[in-house]
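Undergrad: Sending over a structure as structure tokens; questions will come in a sec.
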Amino acid sequence: VKFSPEGRLLFVNTAYCNAVGRTKEELAGSVFMPATDKRSSDLMAARMASLFRPPYACQVEQWIASPLGSRCISWSARSITGKNGEVTSIIASGRDITRLREEHRAIRKRDRELMLLNVRLSNLFLTVSDGVVVVDPEGCILQINPVAEKIFSAHEKALVGHPFADYVDKADPI
């Protein structure tokens, strides 16, 4: 897209028209990047202010309503300046990053779920009444719970990294 320093669209391509579900004629002269709320508006205004001073460029993300539903567009914009350094127009190219944002949201949700599960498992590990020893695929101790420390009469730090088999009596297995 190309827009004026005042934010009015001067040129739109077919991809942008399809993304917003409007024709070139409908978009001509309309406001580029109309924000949906005050917070988004303030954030975009702050980022786009850099278009009017060196290096005359910015990147901003915008959620738009489209025929496909809400889409997140990452815009990269650069100002075109006149002989006296005044901004005469701004060129921006956008990329739909909706899928990426949704994947990030899903990852953050999964991270929260895993942290909660980790807390629950840690509590279980520390409070279970049986001795528990966690070993790696090679049989080396990774972690033991307090009951196992009592069974082995040793602190976890002294046992971690050593082969579990070294602490088990082959003739009298636990």
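Undergrad: Farthest toward the dipole's positive end in the stretch 1-140, which of ALA49, GLY94, PRO137, given Cβ charges of +1 (Lys, Arg) and -1 (Asp, Glu) about the Cα centre?
TA: ALA49
Undergrad: If you put +1 on each Lys and Arg Cβ and -1 on each Asp and Glu Cβ, how big is the dipole of the stretch 1-109 around its Cα centre, in Debye rounded to 20? Write out the running numbers ahead of the final one.
TA: Working: 17 positive and 10 negative charges, 60 e Å.
Dipole size: approximately 280 debye.
Undergrad: Might you work out the accessible area of SER129 for me, using a 1.4 Å probe with all protein chains in place, and round it to the nearest 10 Å²?
TA: Accessible surface of SER129 is approximately 100 Å².
Undergrad: What Kirkwood hydrodynamic radius, in Å, does the stretch 1-64 give when the mean of 1/r is taken over all pairs of distinct Cα atoms and then inverted?
TA: Working: mean 1/r = 0.0792 Å⁻¹.
Value: 12.6 Å, from the Cα pair sum.
Undergrad: Under 11 Å from a point placed 7 Å out from the Cα of PHE52 along the Cα-to-Cβ direction: which residues of the stretch 63-87 have their backbone N that close?
TA: 87
Undergrad: Given 37 °C and 0.692 mPa s, how large is the Stokes-Einstein diffusion coefficient of the stretch 84-132 in µm²/s, with Rh as the Kirkwood radius over Cα pairs?
TA: Reported coefficient: 212 µm²/s.
Undergrad: Compute the convex hull volume of the Cα atoms of the chain, divide it by the residue count, and report the result per residue in Å³ as a whole number.
TA: Numbers: hull volume 36.6 nm³, N = 174.
It is 210 Å³ per residue.
Undergrad: Using r as the Cβ-Cβ distance of SER129 and VAL168, and R0 as 30 Å, what FRET efficiency do you calculate, to the nearest 0.05?
TA: Working: r = 20 Å, r/R0 = 0.67.
Using R0 = 30 Å, I get an efficiency of 0.90.
Undergrad: What residue among ARG120, ARG71, ARG108 shows peak mean-square fluctuation when the chain is described by a Gaussian network model with Cα springs under 10 Å?
TA: Of the options given, ARG120 has the highest mean-square fluctuation.
Undergrad: Here's a follow-up. Express the carbon and sulfur contribution to the solvent-accessible surface of the chain as a percent, rounded to the nearest whole number, probe 1.4 angstrom.
TA: Details: 6750 of 12060 Å².
Carbon-and-sulfur percentage of accessible area, whole number: 56.
Undergrad: Given the rule -39500 (n - 2.57) for each run of at least 4 DSSP H residues, summed and divided by the residues of the chain, what is its mean residue ellipticity at 222 nm, to the nearest 500 deg cm²/dmol? Mind dumping the intermediate values first?
TA: Values: 6 runs with 63 residues, N = 174.
When only DSSP H runs of four or more count, the value is -11000 deg cm²/dmol.
Undergrad: Mind giving me the FRET efficiency for SER74 and ASP136? R0 is 30 Å, r the Cβ-Cβ distance, nearest 0.05 is fine.
TA: Numbers: r = 42 Å, r/R0 = 1.39.
Efficiency for this residue pair is about 0.10.
Undergrad: Could you give the angle, 0 to 90 degrees to the nearest 10, between helix 38-48's Cα long axis and the longest principal axis of the Cα atoms of the chain?
TA: The two axes meet at around 70 degrees.
Undergrad: OK, next. Rolling a 1.4 Å sphere over the protein heavy atoms, what is the accessible area per residue of the chain, to the nearest Å²?
TA: Values: 12060 Å² over 174 residues.
Counting only protein heavy atoms, the per-residue value for the chain is 69 Å².
Undergrad: Quick one: compute the contact order of the stretch 27-105, relative version, from alpha carbon pairs under 8 angstrom and 6+ residues apart, as a percent. Show your work: numbers first, answer last.
TA: Details: 102 pairs, mean separation 15.8, N = 79.
The normalised contact order for the stretch 27-105 reaches 20 percent.
Undergrad: Moving to a separate point now. Across every pair of different alpha-carbon atoms, what Kirkwood hydrodynamic radius in Å does the stretch 43-106 reach?
TA: 13.0
Undergrad: Okay, next question. Amide H neighbours of ILE73 under 5 Å, counting only residues 5+ apart in sequence or on other chains, H built in-plane at 1.01 Å?
TA: GLN62, TRP63, ILE64, ILE97
The values are calculated or read from the model by the stated rules, or taken from the named source; none is laboratory data. The structure displayed is predicted, hence computed values, not measured ones. For neighbour counting, all protein chains shown are included, and Cβ atoms are generated from backbone atoms with ideal geometry for every residue, glycine included. Please note that ligands, DNA and RNA were not included when accessible areas were found on the heavy atoms of the full protein model with its side chains. Shrake-Rupley method; radii C 1.70, N 1.55, O 1.52, S 1.80 Å.
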